[in-house]
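Asks: Could you have a look at this structure, given as C-alpha cells, before my questions?
The values are calculated or read from the model by the stated rules, or taken from the named source; none is laboratory data. These figures come from a predicted structure and were not determined experimentally. A quick note on method: Cβ atoms are made from the backbone with ideal geometry, for glycine too, and the neighbour counts reach across all protein chains shown. Accessible surface is based on the protein model in full, side chains and every heavy atom, while ligands, DNA and RNA are left aside. Shrake-Rupley method; radii C 1.70, N 1.55, O 1.52, S 1.80 Å.
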Amino acid sequence: MPTPITGQIRVGLIGAGLIGQLHSMMIRYVADRTEQSARVVSVADVSHRAAEQLAARWQGARAFESAEEIISDPSIDAVWICTPTAMHRQICIAAARAGKHVFCEKPLAMTAAEASEMAAAIKASGVVSQVGLVLRFSPVYNVVKAMFEEDGVGKLLSVAMRDDQDFPIRGSHASAWRNDPSLTAGGTLIEHSVHDFDLLTWMFGSVTSLYCRTRNVNGADGVEDFGATSMEFAGGWHGQLTSIWHRMTARASNRRLEVFAENLFAASDADTLGPIVFQRGSGAQEETIAADVVMAKYTEKILRERPYLAPMKDRLTIPYAAEDATFIAALKGLCEPDPEFAAGVAAQRIVEAAYESARTGESVQVKS
C-alpha cells in the first residue's frame, strides 16, 4: 500500500463536462467536512473555457487544455479522469507512470483489453486507484442486498432489472460525444449499464454466461440504444437486464429492480432512496419500506462498514459523495479504495461478452 498522504490532497481534475463538474462538487463536500482534506488545484479540458469556468470554483486553481500539463506537475497527488471514454486509457497510464493516484470514471476504456492494460500500469506503479461504479453506494441497493443476505430467505431464484434513460446527447445528460463512435465505447450497454452489470455481480455473485440482443434506432454506428441480456449466475440463479436509451427528455433516468428468492420478493423503482416493496414467505401481502426508513437502514449499515464516512453523514443521500469520500479516505490510508480497478475490468468483460453475443447470436461464456 502506498504511503498515506498526511497533508491536503492536491487534485487534478481532467475533464470539465457534466461528470467533472459533479466530482468537483463532491470533492468540495468532502473537503468542507474533513478539515479541507482535499482541494482541486488544476482543471484540464480540451475546451479551455470549460476548464477555466470549473477552475474558478476553486480559489487559485489553474486551467489547462491538456491532461499532460496536470500529469507533469509534481505537486499533484491524484487525478480524477472525467473525459470521454476514448481518452481514459492514455491519461490513466500516463498518470500512473507519473506516480499520480487515479480515480477513473466508468467505463474504464474502449475495450476490456485496454482496461486490463490500464490496470497493469496501475499495479506496476503502485498508486492507489478507484473506478466510478457509483451504484455500490446507492442506499436502496445496499438495503436490498442486505435483505437477501438474511437468514431464512432461502435460495435466490431470479433477478431482473430495467434501466432506462433519455439518450444522453440531449436533456439533463447532454453530452454530444456519446453519439460519436470514435469517443464512446458503445451505447447504452457499456456507457450506462456497465453500472448495472457491476451492481448485479456485487449484489448476487459472478456471471458465468449470457445471451444478449441489441438494437440501434438512433442510427449512430456502434452506439446501440437497446440491449436485452439474459445471464446465468455462478450461484445457479438467472438474471435479466433490459437497457434502454429513449427520446423522452422529460422522463427522469430510472431503474427498476425485482428480486425473487424462495421466501422473499423485493422490488424498487428508485435507484437511490427507495421506497422498497417486499413480501416474505409468511406474509399475506406486499409491504413497503419508505424512503426515509431505507435511508436510516443504509446509514446504519454504511457507517458500520465504512466508519470513515461519518463526516459525510449529511450527504449520504448522494452516492457520488460517498464514492469520492472513499477514494480520499483511501489516499489518507483510512481504508482500501472501493471499487478497485479490478471491478471495472470485470464489468467491462461482462459487457464485452454481451456485445459478442449480440454479434454472433449465441450464448457466450464470461471470462473471469
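Asks: Residues of the range 245-276 with backbone nitrogen within less than 16 Å of a virtual label 7 Å along the Cα-to-Cβ line of Glu286, please, listed as ranges.
Replies: 255-261, 264-271, 274-276
Asks: Normalising by the residue count of the chain, find the relative contact order in percent from Cα pairs under 8 Å and 6+ residues apart. Provide the component values of the computation, followed by the final result.
Replies: Numbers: 799 pairs, mean separation 70.6, N = 368.
Computed over the chain, the figure is 19 percent.
Asks: Using the eigenvalues of the Cα gyration tensor, what equivalent ellipsoid semi-axes result for the range 1-128 when each is taken as the square root of five times the eigenvalue, whole Å, largest first?
Replies: Values: eigenvalues 94, 64, 31 Å².
Over the Cα atoms of the range 1-128, the ellipsoid semi-axes are 22, 18, 13 Å.
Asks: How about Lys106: which lysines have a C-alpha closer than 27 Å to its C-alpha, ignoring those fewer than 8 places off in the same chain?
Replies: The qualifying lysines are Lys123, Lys145, Lys301, Lys313, Lys332, Lys367.
Asks: Using a Förster distance of 22 Å, how high is the FRET efficiency between Met1 and Ser72, based on the Cβ-Cβ distance and rounded to 0.05? Before the final figure, lay out the partial values.
Replies: Working: r = 25 Å, r/R0 = 1.15.
Given R0 = 22 Å and the Cβ-Cβ separation, E is 0.30.
Asks: Counting only protein heavy atoms and using a 1.4 Å probe, what share of the accessible area of the chain belongs to carbon plus sulfur, as a whole percent?
Replies: Heavy-atom surface of the chain belonging to carbon and sulfur, 1.4 Å probe: 50 percent.
Asks: What's the long-distance tail for the chain, i.e. % of Cα pairs beyond 38 Å?
Replies: Numbers: 10465 of 67528 pairs.
So the portion of pairs separated by more than 38 Å is 15 percent.
Asks: Please work out the C-alpha center-to-center distance from the range 77-98 to the range 336-368 and express it in whole Å.
Replies: 21 Å
Asks: Find the centroid of the Cα atoms in the range 21-49 and in the range 132-209, then give the distance between the two in whole Å.
Replies: Their Cα centres are 26 Å away from one another.
Asks: Determine the relative contact order of the range 5-155: mean sequence separation of Cα pairs under 8 Å and six or more apart, normalised by residue count, in whole percent. Mind dumping the intermediate values first?
Replies: Numbers: 248 pairs, mean separation 28.6, N = 151.
19 percent.
Asks: Excluding Ala50 itself, what net charge comes from residues whose Cβ is under 13 Å from its Cβ, given Lys and Arg +1 and Asp and Glu -1? Kindly include the intermediate steps, with their values, before the conclusion.
Replies: Working: positive: Arg49, Arg57; negative: Asp45, Glu52, Glu65.
Charge balance in the 13 Å sphere: -1.
Asks: Can you tell me what percent of all Cα-Cα pairs in the range 52-203 are more than 20 Å apart?
Replies: Numbers: 6846 of 11476 pairs.
In whole percent, the share of Cα-Cα pairs in the range 52-203 beyond 20 Å is 60.
Asks: Shifting gears a bit: Treating the Cα atoms of the range 102-153 as identical point scatterers in vacuum, please give the log10 of the normalised Debye intensity I(q)/I(0) at q = 0.12, 0.21, 0.22, 0.28 Å⁻¹, two decimals.
Replies: Cα-only, vacuum Debye calculation for the range 102-153: -0.45, -0.78, -0.81, -1.04.
Asks: Inverting the mean 1/r over all pairs of different Cα atoms, compute the Kirkwood radius of the range 273-368 and quote it in Å.
Replies: On the way: mean 1/r = 0.0598 Å⁻¹.
Roughly 16.7 Å, rounded to one decimal.
Asks: Here's another thing I want to ask about it. Rounded to whole Å and sorted largest first, list the principal axis extents of the Cα atoms in the range 165-284.
Replies: Here the Cα extents, ordered largest to smallest, are 51, 33, 21 Å.
Asks: Given R₀ = 56 Å, what would the calculated FRET efficiency be for Ala174 paired with Phe265, taking r from the Cβ atoms and rounding to 0.05? Mind dumping the intermediate values first?
Replies: Numbers: r = 37 Å, r/R0 = 0.67.
In this case the efficiency is close to 0.90.
Asks: If you restrict to DSSP beta bridges whose two residues both lie in the chain, what percentage is antiparallel, to the nearest 5? All intermediate terms of the calculation are to be shown ahead of the outcome.
Replies: On the way: 37 of 67 bridges.
In the chain, approximately 55 percent of DSSP beta bridges are antiparallel ones.
Asks: Taking 4 °C and 1.567 mPa s as the conditions, I'd like the Stokes-Einstein D for the range 214-314 in µm²/s, using the Kirkwood hydrodynamic radius from alpha carbon pairs. Could you put the intermediate results ahead of the total?
Replies: Values: Rh = 17.0 Å.
D = 76 µm²/s.
Asks: As a check on your grasp of the helix formula, calculate [θ] at 222 nm for the chain: sum -39500 (n - 2.57) over DSSP H runs of n ≥ 4, divide by the residue count, round to the nearest 500. All intermediate terms of the calculation are to be shown ahead of the outcome.
Replies: Numbers: 11 runs with 125 residues, N = 368.
So the calculated ellipticity at 222 nm is -10500 deg cm²/dmol.
Asks: Let me ask another. Going through the DSSP H helices of the chain, which span 24 Å or more along their own axis at the Cα atoms while scoring at least 0.0 as a mean Kyte-Doolittle hydropathy?
Replies: Values: long enough: 341-360 (29 Å, 0.28).
Going by DSSP H runs, the hits are 341-360.
Asks: Express the accessible area of the range 160-199 per residue in Å², computed with a 1.4 Å probe while the remaining protein chains stay in the model. Mind dumping the intermediate values first?
Replies: On the way: 1090 Å² over 40 residues.
Counting only protein heavy atoms, the per-residue value for the range 160-199 is 27 Å².
Asks: With contacts defined as alpha carbon pairs under 8 Å and 6 or more residues apart, what's the relative contact order of the range 218-271 in percent?
Replies: On the way: 53 pairs, mean separation 12.2, N = 54.
Here the relative contact order equals 23 percent.
Asks: Next question. Using the 2.2 N^0.38 Å rule of thumb for compact globular proteins, work out how the range 82-123 stacks up: its C-alpha Rg over that value, please.
Replies: Numbers: Rg = 9.0 Å, N = 42, 2.2 N^0.38 = 9.1 Å.
Normalised by 2.2 N^0.38 Å, the Cα Rg of the range 82-123 equals 0.99.
Asks: Picking from Ile302, Ile14, Ile169, which is most flexible by a Gaussian network model of the chain using Cα springs under 10 Å?
Replies: Ile169
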